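What follows draws every value from the coordinates through simple rules; no lab data is involved. In this text the structure is predicted, and so the values were computed from the model without any measurement. Cβ coordinates were reconstructed from backbone atoms using ideal geometry, including for glycine residues, and neighbour counts include every protein chain displayed.
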Amino acid sequence: MKWIVSLFIVFQFGALGTVYAGGFTASNEFTEGRDTNSVQAVQSLEAYAKYKMGQYQEAREIWLKLAEKNNTSALINLANIYEEGQGVKRDLKQSIAWLRKAAKLGDSRGQYQLAMAYEKNMGVERDLMQAAKWFEKAAVQGDGNAQFSIGVLLATNYGKGLATSSNDQRKEASKWLALAKEKDIEDATGFLTLLTSMKNQ
């Protein structure tokens, strides 16, 4: 579920994660009469503020309540605190469970992070076909990093090497890499040039 993206504050941490927040104050009289998205944005900002102050348990409690409403930012934030062990025992399997729910709800951030977990063997057994599946879902939604990643997987025949990929795989890879290039993703141009040179051999 997407909500008030323009208000998101982003804080990077960890191997996979990003904490997302939006809004201006805690849930109180300010939230009365407002739509669900606005209320959730306010609550998410409260959780983000607590997270930034190191009050991880309090942040987690708010995110758990938002997760019950299928708020995908909350689901991803829960995944990330379990991946980092912030306020909870580090638990990669629990992290993946939260990520998977966000991904299945169609959130491109969750899809990309789940794909990365499959690619890097983090909480799940390494599976490049599963990684490709979730990269592609995020790529279709316009995620530049996912577009680059699915392009590389196709160009290398899922990690088996550039020389082993088929013409169809290279053609599809070129399509995704071109889209990634448009988003200024580093190395997309280099891979495209390499694929072009192989085609001309």
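Tabulated data for the structure shown
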quantity: Greater than 22 Å apart at Cα, pairs in 69/101; 65/89; 50/183; calculated: 50/183
quantity: Segment 107-201 - percent relative contact order, Cα under 8 Å, separation 6 or more; calculated: 20 percent
quantity: Length released on extending from residue 53 to residue 186, taking residue separation times 0.36 nm less the Cα-Cα span; calculated: 44.6 nm
quantity: Full-stretch length increase - residue 91, residue 65 - with 0.36 nm per residue and alpha-carbon distance subtracted; calculated: 7.4 nm
quantity: DSSP-loop trypsin sites (Lys or Arg not before Pro) across segment 95-163, with at most 11 other Cβ within 10 angstrom; calculated: 160
